[in-house]
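Below: one structure, written as structure tokens.
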Amino acid sequence: MKKYDFGIVIGRFQPFHSAHQNLIRHSLSLAEKVIVILGSARSASDVKNPFTPAMREEIIRACFPEDEKRLIFRAVRDYPYNDHVWTAEVQNLVGEITETDENESARIAIVGFFKDRSSYYLNLFPQWQFEEFYSSDKKLLNLNASNIREKFFAESPDWKELLPPQVATALEVFRQTEDFPKLQKEFQYLQKYKADTRFVGVPFEATFITTDAVVVQSGHVLVIRRGHQPGKGLLALPGGFLASGLTLEDNAIKELKEETQIKVAAQVLRGSIKSSHAFDYPERSQRGRTVTFAYFIELAPDLKDGLPKVKGGDDAAKAFWLPLSALGEKEDEFFEDHLHLIKYFLGL
């Protein structure tokens, strides 16, 4: 009999590497079954999250052919601005599996190790026993999925090092898909962007300031299709980098008008601002540290003229009104954290 009925392992596994494999192997030695929570579900495909939950599950199962029936997979969305919602979703997923008549008092442990600031989530589940995993192998201890992705998209000769062979094989197959060249092009753009904006001679990285506008009217939100990298083709809020000489509010109105050509006077837009908020999740943008100030603009319903006319302009390939009821089905088409900005202001 194992020490626990269920072990819980949480991670994005983008990609699944040898340190992850050792973590799950250790969890299997502790528990009868291991629940693997895959993060970043329903996120748009990008160089940070290139692999779907289904692909990650298939890869991880392939790494444990003798124990794959003991693995249970669930996927959870990211909630960068609300740890409580994320924690509740994880609790519900685990509860659906463990809270049965046969397991009224299931022995549950969360297994992991405090690698860096991203490991803070291990402190969010005091109801479960914590089992710390530690590897004495320094190569595995310092293994970083971000570095592996960089080597993968840069096609470095050593990108397969410290990857289980099943993972390397799966990624070779992924390289033959139509998604790979698109992501690789995005990766190359981001690498050049970071190099071009890097400070020289100062001991800190550049921080960028942007503004975004969340405009709603009559159950619709105004969105654009991005016309350029990064995130070309993805849904986004109208916005842009803070221009020299403009206030945050002025910049938000300017970018809104330029990208959507909205047929509403600037003074009306400004007078319809209900609230604003700074969104500063450190990893919200892959271009580098980017803080955005978003403005919530609620336009009065107009039964006579309906929704204001809009048209894509400037950096936007298209602008249109998206029904709020469609946010769920379009969830995996949003750029960066823009969907979370909408949900924040609407209380969703």
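Readers should treat all values here as calculations from the given coordinates under stated rules, not as data from a laboratory. In this text, all values refer to a predicted model and were calculated from it rather than measured experimentally. As a convention, Cβ positions derive from the backbone with ideal geometry for all residues, glycine included, and neighbour counts pool all protein chains shown.
General observations
- Rg and Dmax over the alpha-carbon atoms of segment 4-174 stand at 15.8, 52 Å.
- Two-decimal log10 I(q)/I(0) for segment 45-100, as the Debye equation yields it once each C-alpha is a single scatterer, q = 0.12 Å⁻¹: -0.39
- If you take the Cα centroid of segment 316-348 and the Cα centroid of segment 1-48, the two points sit 29 Å apart.
- Over segment 243-303, the alpha carbon radius of gyration divided by the compact-protein estimate 2.2 N^0.38 Å works out to 1.28.
- Mean Cβ neighbour count within 10 Å, used as a protection proxy, ranking 143-152, 65-74, 213-222 highest first: 213-222, 143-152, 65-74
- On the beta carbon distance between Asp315 and Glu99, with R0 = 51 Å, the FRET formula returns roughly 0.55.
- Per residue, the chain reaches -9500 deg cm²/dmol at 222 nm when only DSSP H runs of four or more residues are counted, each adding -39500 (n - 2.57).
- For the chain, alpha-carbon Rg and Dmax in angstrom: 22.5, 71
- Ranked by the mean number of other Cβ atoms within 10 Å of their residues, highest first, the peptides 241-254, 281-294 come out as 281-294, 241-254.
- Between Glu329 and Ala168, the contour length at 0.36 nm per residue exceeds the Cα-Cα span by 54.8 nm.
- Summary value for the chain: 17 percent relative contact order, contacts being C-alpha pairs under 8 angstrom separated by 6+ residues.
- 18 Å Cα-Cα reach of Lys115 towards lysines, excluding residues that sit fewer than 8 places from it in its own chain: Lys138, Lys139
- The charge dipole of segment 207-346, taken about its Cα centre with unit charges on the Cβ atoms of Lys, Arg (+1), Asp and Glu (-1) only, comes to about 300 debye.
- Reduced Cα scattering model of segment 148-227, Debye log10 I(q)/I(0), q = 0.27 Å⁻¹: -1.28
- Of every Cα-Cα pair in segment 207-346, the percent that sits beyond 20 Å: 41
- Excluding same-chain neighbours fewer than eight residues apart, the lysines reachable from Lys257 by a Cα-Cα span under 23 Å are Lys232, Lys274, Lys304, Lys309, Lys311, Lys318, Lys343.
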